[in-house]
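Structure first, then comments.
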Amino acid sequence: MRPSLAIQPLALAIGLSLALAGQAFAQDTGEEGAPAYQDRIIPSDQLAPLPEDEGEAFDAEGLPRSLDLQLLVSRTERGPETFNEQGLTVGGFWETLDHGSLSLDATLLHADRDRNQDGNGWGGTATLWQRGLFLDGGWRGDNGLGVLNTALPTLARDQYRFLLPSVPFAGVSTDWRQASRGLQLMGSYGRGGVFDGARVVGFERSDGDVASLGAQWDWAPGWTGAATALATDGRLVPGGDGGVQIEDNRTRAVLVSNGWRSATQSLTLNLQSSGGDPASALGAWLDGRADQGRYQHRYGLFRLEPELAWGALPIANDAEGAYYRLNYSYARWNWNAGLDHIRSVSGRSFEGLYGNFYGRYQASTRLGYGGGLNVRDADSGTAYSTQLFVDQLNRWGQTRLQWDFVDNGTAGGDSWEVKLDHTLPFKPGQRLSMSLNHGSLSYAGEAATRTTSVSLNGGIEFTPRLSLDGSARYGRGTGPGAFRGTDLNLNLAWRFAREWSLVGSIFENRGARRSPFILDPLAPDTFIDIPRDRSLFLSLRYQHRAGTASGVLGGPPGSPVGSITGSVYLDDNGDGQRAASEQPAANVTVLLDGLYAVRTDSNGEFTFPRVAVGAHVVTVVPDNLPLPWFVDEELDRRAVDVSVRDQQRVDIGARRQR
């Protein structure tokens, strides 16, 4: 049995006292001939494993495999509607010798909602992935079956100024790579639709199809070409009950990209054509990058005709112009500045200048401060937003004090907000961050809303079998859009037997709106005004893990293990740290080493248990992020070094243009 938490500090204090007493005794008796102290470190791969917890057994025979079953019941209030859901979720992965890694993510959902098609109330999702299938000639393939999202070749995915979203569908997908020739081939086909469900993810299919084809190849040293075609029946628009709904529409789009890259420079030209409802359009944009010492230059030209579309989701259109960005990072300084000149192709949208600046100075190891400025200037008026912040690291944790202000000019009134974020320095197994917000938010056509809120986000393991995690937010405000009450997302998990646990959850969300501090005229609109969503649910969970860790790392059987946990969240202030007031990103796929897939829960959390000691890569697949949130190409892959018996935590924030 492991020592109790109360005994550990006492033993540490006794040991430290004895060591200090021994040192004092040696000095008093004049033991000058004592040998000098030398560190003696036992390599992690030679450490003996911890004894198994009482009642826990692990089958280390065979290759890694897992099975996760959950039976859920819930009652939900969403806007004016109240309904019940019952669901079953099935997940897991299997490592095979000859066919790569297989990952399963499936749900079976029954709900008594009025919106359910055919009135039977049954639905659900199922996704089966085969990753890392190697064939002769250096080919590696990833194949999917079920509810998926359309993909893009790597070159087309690496967009700096413009966002090309994915389209959900139910069907098949395949992606093949040949590294030595830089060749990539992909394709998908299925029935389009939208995700639905409250506590259990479902999928509502439409009457139209979705199909895509893509290819990428290195056609000369330093040169890469890519082409992809996407056909969709149906268009996603904001829904009256929150989220999105399918509108009858047909879009055919083709994107051709050609890029050149060296050690310090790159240049990519994208040509896009779309046709169908409501109109046909062309688009072209050129993105460049040049690194010069501590400076990085980004620049581009663009022309996007009205009604330009990519699949079922809206993208930036009816704009032409140029942009320039300058980034500087060295030692204590980190700053960037940019300028966009934008004209409307049709004369009916924004025309003017958009400029921004952000800077941060690390005054010491414990103190940093900075701020930002965004300006949008047009014939209709000038709008600007500013941000000032101070970061301090002290014995009580990490603290940020931030002030935001925006003057929307003729588009709306002034908005301001003061935020105090603090993260406490707890030991592994415990975490807590707190946020205090106070401000006045004003949207176009509405009076100002004064709001004060307090937020908490964290988790604690009371015992090895009982844990609590989640977030809470209490707000009080005045005005037409004010929120009064409490947001909750709490999960209490009790592992009452080996491989069995019971989870009780409370969820209440006031919904989301677009932030008034976003001034970028090219940022795509968010689907906003999600109604209040509150629910209680209970789940019975079965988790089975088996197999040696050798399949994860390629080491010998019985190699030592640790674990990786983390979260995906919406990084509203872009500082790379999850504040308690920032919302989680639920139902987002996270990959370990490109093989093992899990999805984030309602609090944005994910876990990879029993990961082999050594270097690993955690990757976020931004398939279900709400617009206009995106995962930075440089941040969606995180290198993680796992130590024996250690738990590494990785929090990855999605960003949006400001």
Does PHE357 qualify as being open to solvent by 50 Å² or more (accessible area, probe 1.4 Å) and more than 24 Å from PRO521 (Cα to Cα)?
no
Return yes or no: is ARG376 in contact (Cβ under 8 Å) with a residue 60 or more places away in the chain and either over 21 Å from LEU339 (Cβ atoms) or open to solvent by less than 20 Å² (accessible area, probe 1.4 Å) (or both)?
no
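Specify the residue that is nearest to GLY321 (Cα to Cα); the eligible residues are those in the range 134-144 that are small (Gly, Ala, Ser) and open to solvent by 20 Å² or more (accessible area, probe 1.4 Å).
The selected residue is GLY138.
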If you go through the range 384-431, how many residues are basic (Lys, Arg) and in contact (Cβ under 8 Å) with a residue 40 or more places away in the chain?
3
Just to be sure before I move on: is ASP601 modelled with pLDDT under 80 and within 26 Å of PRO521 (Cα to Cα) in the structure I sent?
no
Can you pull out every residue in the range 247-290 that is assigned to a strand (DSSP E or B), surrounded by fewer than 17 Cβ atoms within 10 Å (Cβ to Cβ) and acidic (Asp, Glu)?
GLU247, ASP248
Regarding GLY397, is this residue within 23 Å of the chain's Cα centre (by Cα) and not basic (Lys, Arg)?
no
Anything in the range 557-608 that is of a type in the set (S, T, N, Q) and more than 23 Å from TYR474 (Cα to Cα)? List them, or say none.
SER559, SER563, THR565, ASN587, THR589, THR600, THR607
The listed residue being loosely packed, with under 14 Cβ neighbours inside 10 Å and of a type in the set (D, E, K, R), out of ARG495, ARG431, ARG484, ARG473:
ARG484
Could you list all residues from the range 444-457 that are in contact (Cβ under 8 Å) with a residue 60 or more places away in the chain and either under 15 Å from GLY485 (Cβ atoms) or surrounded by fewer than 20 Cβ atoms within 10 Å (Cβ to Cβ) (or both)?
SER453, SER455, LEU456
In the range 572-627, anything in a strand (DSSP E or B), under 20 Å from SER505 (Cβ atoms) and open to solvent by less than 40 Å² (accessible area, probe 1.4 Å) is listed as PRO584, VAL598, GLU605, PHE606
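Say whether the condition of being of a type in the set (Phe, Trp, Tyr), within 19 Å of LEU213 (Cα to Cα) and buried (at least 16 other Cβ atoms within 10 Å of the Cβ) is met by at least one residue in the range 111-133.
Within the range 111-133, one or more residues are of a type in the set (Phe, Trp, Tyr), within 19 Å of LEU213 (Cα to Cα) and buried (at least 16 other Cβ atoms within 10 Å of the Cβ).
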Quick check, is LEU488 within 22 Å of GLY604 (Cα to Cα) and in a strand (DSSP E or B)?
yes
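So, GLY347, is that one free of Cβ contacts under 8 Å to residues at least 12 places away in the same chain and either over 26 Å from the mean Cα position of the chain (by Cα) or not in a loop (DSSP other than H, G, I, E, B) (or both) or not?
It is true that GLY347 is free of Cβ contacts under 8 Å to residues at least 12 places away in the same chain and either over 26 Å from the mean Cα position of the chain (by Cα) or not in a loop (DSSP other than H, G, I, E, B) (or both).
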What number of residues in the range 145-165 are surrounded by fewer than 21 Cβ atoms within 10 Å (Cβ to Cβ) and in a strand (DSSP E or B)?
3
Under the condition of being in contact with a Gly (Cβ under 8 Å, 6 or more places away or on another chain) and among the small types (Gly, Ala, Ser), which residue from the range 441-457 is nearest to SER567 (Cα to Cα)?
SER453
Looking only at residues in the range 291-320 that are at pLDDT 85 or above and touching a Ser or Thr at 6+ places or on another chain (Cβ under 6 Å), which one is surrounded by the fewest Cβ atoms within 10 Å (Cβ to Cβ)?
ASP291
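The values are calculated or read from the model by the stated rules, or taken from the named source; none is laboratory data. Quantities reported herein were computed from a predicted structural model and do not represent experimental measurements. Cβ coordinates were reconstructed from backbone atoms using ideal geometry, including for glycine residues, and neighbour counts include every protein chain displayed. Just the protein is used for accessible areas: all its heavy atoms, side chains included, with ligands, DNA and RNA removed. Shrake-Rupley method; radii C 1.70, N 1.55, O 1.52, S 1.80 Å.
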